[in-house]
Amino acid sequence: MANSVAVNGNDGTSIGMREEACTRRMGILDRLRRFWGCSLLEKNESIADFYWFCKTQLYYRRFFRHIGTRSKLLAPLRLKNVHHISIGDNVLVNKHAFLLTVALPGRPIPRLAINDGCVIGHMNHITCVNEVSIGIKVLTADGVHISDNSHMFMDSTRAIVDQSIESKGKVSIGEGSWIGENASVLSCNIGKHCVIGANAVVITDIPDYCVAVGIPARVVRRFNQLTGSWDRVRA
Ligand SMILES: CC(C)(COP(=O)(O)OP(=O)(O)OC[C@H]1O[C@@H](n2cnc3c(N)ncnc32)[C@H](O)[C@@H]1OP(=O)(O)O)[C@@H](O)C(=O)NCCC(=O)NCCS
């Protein structure tokens with residue numbers, strides 16, 4: 001409203017406000033016209049989208065630390081201790097994701113952040129006991145696992161399920177990066193605009209503008225600022 005011209009019309013409403021309402025009406029009409037023109041399948045998808053949007057904004061939002069505008073979580077989902085999870089604007093979390101935080105006794109509260117514009121694939125498992133930060137516009141493919149912790153297994157007399165979990169170090173994934181199908185990112189930092197290959201297991205830090213693949217993930221390409229090309233990196 002800061003930029004609208006607040007001149008009063010005869011009925012007392014400002015002209016700026018009326019113009020804004022008119023543009024909004026046109027936008028809605030345009031959307032309805034587009035919706036009417038699309039196939040039954042696309043109509044179904046749009047209705048489902050709208051349902052997920054409403055459920056996220058009206059229901060999930062009450063439980064999370066924060067959920068920004070236009071973000072959508074698609075159920076079925078498994079969610080635990082989501083009051084430590086912040087989700088930015090325009091984030092899409094696809095079906096069958098498992099988002100979990102655990103506050104460990106005597107440790108700072110966990111902080112899991114999925115920043116603006118992220119697209120989280122299906123069946124992603126994102127777990128945090130310390131700090132996990134997924135940067136702006138990160139894309140994760142299906143089946144990605146991101147974790148800052150591990151089950152302890154040192155006591156050979158007790159089942160591992162009965163032993164504690166412990167942070168193995170924070171996770172950060174830089175802005176604009178892409179994590180390939182079924183990759184695992186374990187207690188490490190991935191830079192900006194990186195590509196992590198399908199099935200990689202990332203256990204050490206990956207610098208900005210790199211392609212890393214394999215188990216453990218190694219850098220195979222790096223962006224060359226001088227030539228503007230992605231140069232191969234030989235082992
Ligand atoms: C990593 C990827 C993007 C290819 O990147 P690239 O820079 O074009 O890599 P190249 O094909 O030039 O291969 C470079 C090296 O990495 C190897 N490599 C590529 N992808 C690999 C992978 N996923 N796992 C293991 N090794 C891989 C290649 O064999 C090659 O090895 P070499 O140096 O011994 O010859 C692609 O292979 C990949 O994994 N994409 C993810 C696909 C995906 O998950 N899609 C989901 C859609 S959201």
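Rule-based calculations on the coordinates, nothing more; no lab input. Quantities reported herein were computed from a predicted structural model and do not represent experimental measurements. When we count neighbours, we look across all protein chains shown, and the Cβ atoms used for this are built from the backbone with ideal geometry, even at glycine.
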Please quote Rg/Rh for the chain to two decimal places, taking the Kirkwood radius as Rh and restricting both calculations to Cα atoms.
-> 1.10
So what's region 31-143 giving for Rg/Rh, alpha carbon basis, Kirkwood Rh from the mean inverse pair distance?
-> 1.04
For region 38-232, with the dipole built from +1 on Lys and Arg beta-carbon atoms and -1 on Asp and Glu ones, taken about the Cα centre, which of VAL220, CYS194, MET152 lies farthest toward the positive end?
-> MET152
For region 52-99, one quarter of the surface area of the C-alpha convex hull, expressed in nm², comes to 2.7
When only DSSP loop residues count, what trypsin sites (Lys or Arg not before Pro) in region 95-189 have their Cβ near at most 12 other Cβ atoms within 10 Å?
-> ARG158
Among the chymotrypsin sites (Phe, Trp or Tyr not before Pro) within region 34-105, which fall in a DSSP loop and have no more than 15 other Cβ atoms within 10 Å of their own Cβ?
-> TYR59, PHE63
Relative contact order in percent for the chain (Cα pairs under 8 Å, 6+ apart) equals 9
For ASP162 and MET26, compute 0.36 nm times the residue count separating them, minus their Cα-Cα distance, and round to one decimal in nm.
-> 43.0 nm
quick note, region 38-232, DSSP beta bridge pairs, % antiparallel (nearest 5) is 20
FRET efficiency for LYS192 and LYS80, Cβ-Cβ distance as r, R0 = 25 Å, nearest 0.05?
-> 0.25
How do 19-32, 77-90 rank on mean C-beta neighbours within 10 Å, highest first?
-> 77-90, 19-32
Within the chain, pairs of Lys residues whose Cα atoms are less than 28 angstrom apart, provided they are eight or more positions apart or on distinct chains, add up to 26
